[in-house]
Amino acid sequence: MAKELVEYIAQNLVNDPSQVHLKEKRTPSSIILELRVAKSDMGRVIGKQGRVANAIRSLLRVVSTKDDVRIILEID
Amino acid sequence: MNPNEPLEFTGETVDAAVTAGLAKLGLQHSDLLTVEILEEPARGIFGIGARPAKVRLILRPQMPPPPQPQPTPPPKPKAENKAQPRPPKQQNEPKPSPKSGQKPPQQNSKKGQDFDFEDDDEFVIADDGNYEADTPGEDGEVGKEVLSELLRLMGIEHHITVKRAQANRDGENPPYLLDITGPDMSLLIGRRGETLSSLQYVTRLITSRKLQRRANIIVDAGAYKSKRSERLQQLAVRMADQAVETKRTVQLEPMPANERRIIHMTLRNRPDVETRSHGEGEARKVTIVPVLNK
């Protein structure tokens, strides 16, 4: 769920959706999502002062609360 | 649940109220929350004047602490937790970001339009009666699609109503209001409406890219914003009257940008008061200063 959510948002914010790659690492209590996008699209998924990234994290917190699992989003 | 008070719960005792709140929010532990005791329970005399305990649960902005072996369950919040400080705003942007101002020229192609939203809400939402049920236009339709997809992926059961707001500032194109209803609204609204702001921000960004122009939409949940807006307008007038009467500056509690804006807008036509914002970040608040006639 969390992965698809980030994928949908990233795909729809970047200019080059083919370069959106999202890796998911799971441990019993947490999910780590590693998002990679084209270099020129970095600003679009991070935003000024990280505003976009923080908004995505805020939405992930809803999933996190519902599913009782820790979700970490890394962008690089 | 009254969406106006999304995170307030009552119970016979403080503990019962917290437990009820946790259940409602679908949480297991109280360690995700700050508990504010709004009212201690009172027994009353022969049942007269008895009232339940009332607590406000504030979702912490942070992720839960890293999983560590926890031999004991987290302590139940006690009444003394009242003064527990709010956790500082999360500074979770470690990655350097390329400035969005520096756009390579090829991104000015038709696809590469970027839209920035300076404020959470450019509009003061007037009371419910001011919305016309209207055939949704493009913004409303595309916005609804995007919002619905986001909510589906978040696992939030929802229904979205699209309404067109009436113009409340001259010459402006009234926004489409997308109001979400469903069982998880308090979770979706979040502390001080922060989650809802994020949801609106992401919805607007994606919708704007799809439309190739700035999407004129507002996202609300359980009419939280319109009700809150109404209450803030009443509060503004009341506090302004008080400031004038006592000839003293009145300071309001800290509010997010969109709510401060409602206070400023409500009072901007009053010659007897001035409004200013003071403080930084989470602590930023509005003060109402009486204008003294000399």
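Some observations on this one:
- Rounded to the nearest Hz, the phi-derived 3J(HN,Hα) couplings of the range A:8-16 under the Karplus curve 6.51 cos²θ - 1.76 cosθ + 1.60 (θ = phi - 60°) are 4, 5, 4, 4, 8, 10, 8, 8, 10, where x marks glycine and proline.
- Crossing angle, helix A:51-67 versus chain A [Cα axis fit, 0-90 degrees, rounded to tens]: 20 degrees
- Sorted by Cβ neighbour density within 10 Å, fewest at the top, the residues B:214, B:209: B:214, B:209
- Under 5 Å between amide hydrogens, built in the peptide plane, is the criterion, and for residue A:75 it picks out A:35 among residues at least 5 positions away or on other chains.
- Unsatisfied cross-links (Cα-Cα over 20 Å) in the set A:3/A:25; A:3/A:66; B:24/B:54; A:66/B:225; B:144/B:210: A:66/B:225
- Between the range A:1-74 and the range B:180-252, the alpha-carbon center distance in angstrom: 25 Å
- Under 5 Å, built H, 5+ apart or other chain: amide partners of residue B:221: B:180
Quick note: the coordinates plus some simple rules give every number you see, no bench work behind them. This structure is a prediction, so every number in the text was calculated from the model and none was measured. Here the Cβ is made from the backbone with ideal geometry for all residues, glycine too, and neighbour counts use every protein chain on show.
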